[in-house]
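Notes follow once the structure below has been shown.
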Amino acid sequence: IQLTQSPSSLSASVGDRVTITCRASEGINSFLAWFQQHPGKPPKLLIYAASILHTGVPARFSGSGSGTDFTLTIRSLEPEDFATYYCQQFNDYPRTFGGGTKVEI
Amino acid sequence: QVQLLQSGADVKKPGSSVKVSCKASGGTFDTFSNYAFTWVRQAPGQGLEWMGEIVPVFGTTKYAPELQGRVTITADESTSTAYMELSSLRSDDTAVYYCARGGDLSYWGQGTLLTVTA
């Protein structure tokens, strides 16, 4: 299953609303997770099952979608949100990641 | 608090093998056996690549097709340690290798840099 993220990068400012999309090549129900990665650090789980916020993740992050189309929304960007974001599908093996979206200042 | 501690950076020659470890600790009750342990790698400046996983209590494994035959994931329940062995190393295997716990990859190791160079 291929996951296509868009855009591959974006420029935004603190306080902006940001939306990242992830499209699956076939239906994956809601078996999708979103991760955030800062340079030199391991990824961190933000959202699983498409829309469930992981423990400790700020409420400005939200996820939606099912089937083939998914979105990650950051309601109001904070300085620590500038990072790369990845989606991953858990519907089938092999698990696959999207190509990533870099959110830059 | 669950922690995954990976083995240190390594330098290997093309054609050789490497074995990276990932030791789980902390948390409550069972931190290891009943969870899937996944290996993910990231080449310099590139995205995340799923390599495979193991569920220690069952010993079942799944691998990425492009790595099948070169990668072996094992687990030692007595030491709560998962291992990833990669053979016939090539220069494009140079990457940071991560282990992660759970079907949702909710906990990650710190990463292990593998450099493959002649």
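Going residue by residue through segment A:32-40, is there one that turns out to be over 22 Å from B:Pro44 (Cα atoms) and modelled with pLDDT of 95 or more? Scanning segment A:32-40 turns up at least one residue that is over 22 Å from B:Pro44 (Cα atoms) and modelled with pLDDT of 95 or more. Residues in segment B:14-24 that are hydroxyl-bearing (Ser, Thr, Tyr) and within 16 Å of the chain's Cα centre (by Cα): B:Ser17, B:Ser21. Taking the criterion of being in a loop (DSSP other than H, G, I, E, B) and more than 14 Å from chain A (Cβ to nearest Cβ), the residues of segment B:95-118 that qualify are B:Thr117, B:Ala118.
Summed over segment B:56-94, the residues that are in a loop (DSSP other than H, G, I, E, B), within 16 Å of B:Asn34 (Cβ to Cβ) and of a type in the set (A, V, I, L, M, F, W, C) give a count of 2. The set of residues in segment B:51-63 being touching a Gly at 6+ places or on another chain (Cβ under 9 Å) and surrounded by fewer than 18 Cβ atoms within 10 Å (Cβ to Cβ) consists of B:Thr61, B:Lys62.
Note on chain A: enclosed strands (runs of 3 or more DSSP E) holding 2 or more residues that are out of contact with any Pro (no Cβ under 7 Å at 6 or more places or on another chain), within 11 Å of chain B (Cβ to nearest Cβ) and within 28 Å of B:Thr112 (Cβ to Cβ) are A:3-6, A:32-37, A:44-48, A:84-89.
Residue-level analysis places A:Ala33 outside the set of residues that are surrounded by 15 or more Cβ atoms within 10 Å (Cβ to Cβ) and at positive phi. Residues of segment B:37-46 include at least one that is within 14 Å of chain A (Cβ to nearest Cβ), surrounded by 13 or more Cβ atoms within 10 Å (Cβ to Cβ) and in contact with a Ser or Thr (Cβ under 8 Å, 6 or more places away or on another chain). Just one of (1) within 12 Å of the chain's Cα centre (by Cα); (2) without any contact (Cβ under 8 Å) to a residue 40 or more places away in the chain fails for A:Lys41. It is (1). Determine, yes or no, whether B:Pro14 is in contact with a helix residue (DSSP H, G or I) (Cβ under 8 Å, 6 or more places away or on another chain), assigned to a loop (DSSP other than H, G, I, E, B) and farther than 18 Å from A:Arg95 by Cα. In short, yes.
A quick yes/no check of all residues on (1) more than 24 Å from B:Gln1 (Cα to Cα); (2) of a type in the set (Lys, Arg); (3) touching a Ser or Thr at 6+ places or on another chain (Cβ under 7 Å):
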position	(1), (2), (3)
B:Glu49	yes, no, no
B:Gly69	yes, no, no
B:Ser87	yes, no, yes
B:Asp93	yes, no, no
B:Thr112	no, no, yes
B:Val116	yes, no, yes
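The values are calculated or read from the model by the stated rules, or taken from the named source; none is laboratory data. All values reported here derive from a predicted model rather than from experimental measurement. Note that we place each Cβ from the backbone using ideal geometry, even for glycine, and neighbour counts take in every protein chain shown.
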